[in-house]
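Report on the structure given below.
Read-outs throughout are calculated quantities, based only on the coordinates presented, and are distinct from any laboratory measurement. A quick note: this is a predicted structure, and the numbers were derived from the prediction, not measured. Cβ coordinates were reconstructed from backbone atoms using ideal geometry, including for glycine residues, and neighbour counts include every protein chain displayed.
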Amino acid sequence: MCRMIAFASVEPIDVAPYLAHLSDFSRRGNLVDGWERRPGGNHPDGWGIACRQGEEIRVLRSGKPACADPQLLDVRAKTDRFIGHVRYASNTATVNAANSHPFLVDGIALAHNGTFRGSIGDEAGTRNVSDTLVFLERLCVLWRERTLPRLKEAMSEILRNTDLVGNYSAANMLIASGKSLFVLRRWRRNEDYYTLFLQSLPGEVVVASQPLDDGPGWRPLGNGELVELRPNAPRYEFLSGMS
């Protein structure tokens, strides 16, 4: 269970304001009723970011709370594609930098809010890695042509396969590949927690688990909504027909 942020901009911009939002999410990000508020913050179980630098996606991760980790304050970067993630770990034994999101495999960076079951969850337990990493490895095999329509096909194929994903909670995802940045909101329970909101600004489009401010223009993504974050012209698809 996590909080996430992503942006795509026409020109590289300073990531510092978004790192501050990550820190704030770590300290007091929304939780549904009945979930523990931890002394170290609501989402204290590690953080990570992915930025496009030149033609590469680079990832930085930590197992410490974003709201209290000096490493986060030391980050200096400008980029036109950004993903940020803080955790509320379902298994605190996995709280370390290696299991923080986003994960990077074959040039794809992926951050996830939710938990997979099925054979993906079983393999993650056997390997003592995140279920999100196992999911990403499967996605890399299927998503060879890295376009929005092909991503929709690959996601639909995996998420319809209950043997693979089981009774998963949610597949809220931020996915970066080259200059492309995609977001999926797909929840099966706890609708009020597994949220994603989109705001289009001149030259920039932003997605976050909860609105970053009280300004106008934030709208919730629908269940199954898949978006390519293109500044000034986002592209939309819907995953449908899944239980």
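Annotations for the structure displayed:
- If the condition is being farther than 28 Å from R127 by Cβ and surrounded by fewer than 14 Cβ atoms within 10 Å (Cβ to Cβ), then the stretch 76-95 contributes only R76.
- Scanning the stretch 144-160 for residues that are over 14 Å from F182 (Cα atoms), surrounded by fewer than 16 Cβ atoms within 10 Å (Cβ to Cβ) and touching a residue at least 12 places away in the same chain (Cβ under 8 Å) yields E157, R160.
- Listed by position, the helices (runs of 4 or more DSSP H) enclosed by the stretch 106-204 that each have at least 2 residues that are within 25 Å of G29 (Cα to Cα) and in contact with a Phe, Trp or Tyr (Cβ under 7 Å, 6 or more places away or on another chain) are 131-142.
- Residue in the stretch 62-75 that is surrounded by the fewest Cβ atoms within 10 Å (Cβ to Cβ), counting only those that are more than 12 Å from W47 (Cα to Cα) and aliphatic (A, V, I, L, M): L73
- I49, sole failed condition from (1) closer than 30 Å to R189 by Cβ; (2) surrounded by fewer than 18 Cβ atoms within 10 Å (Cβ to Cβ); (3) among the β-branched types (V, I, T): (2)
- When the residues of the stretch 215-231 are filtered to those that are in contact (Cβ under 8 Å) with a residue 60 or more places away in the chain and part of a loop (DSSP other than H, G, I, E, B), the one that is surrounded by the fewest Cβ atoms within 10 Å (Cβ to Cβ) is R230.
- Selection count where residues are free of Cβ contacts under 8 Å to residues at least 60 places away in the same chain and small (G, A, S), scope the stretch 185-205: 1
- Qualifying residue in the stretch 168-189 (condition: in contact with a Ser or Thr (Cβ under 6 Å, 6 or more places away or on another chain), surrounded by 15 or more Cβ atoms within 10 Å (Cβ to Cβ) and hydrophobic (A, V, I, L, M, F, W, C)): no
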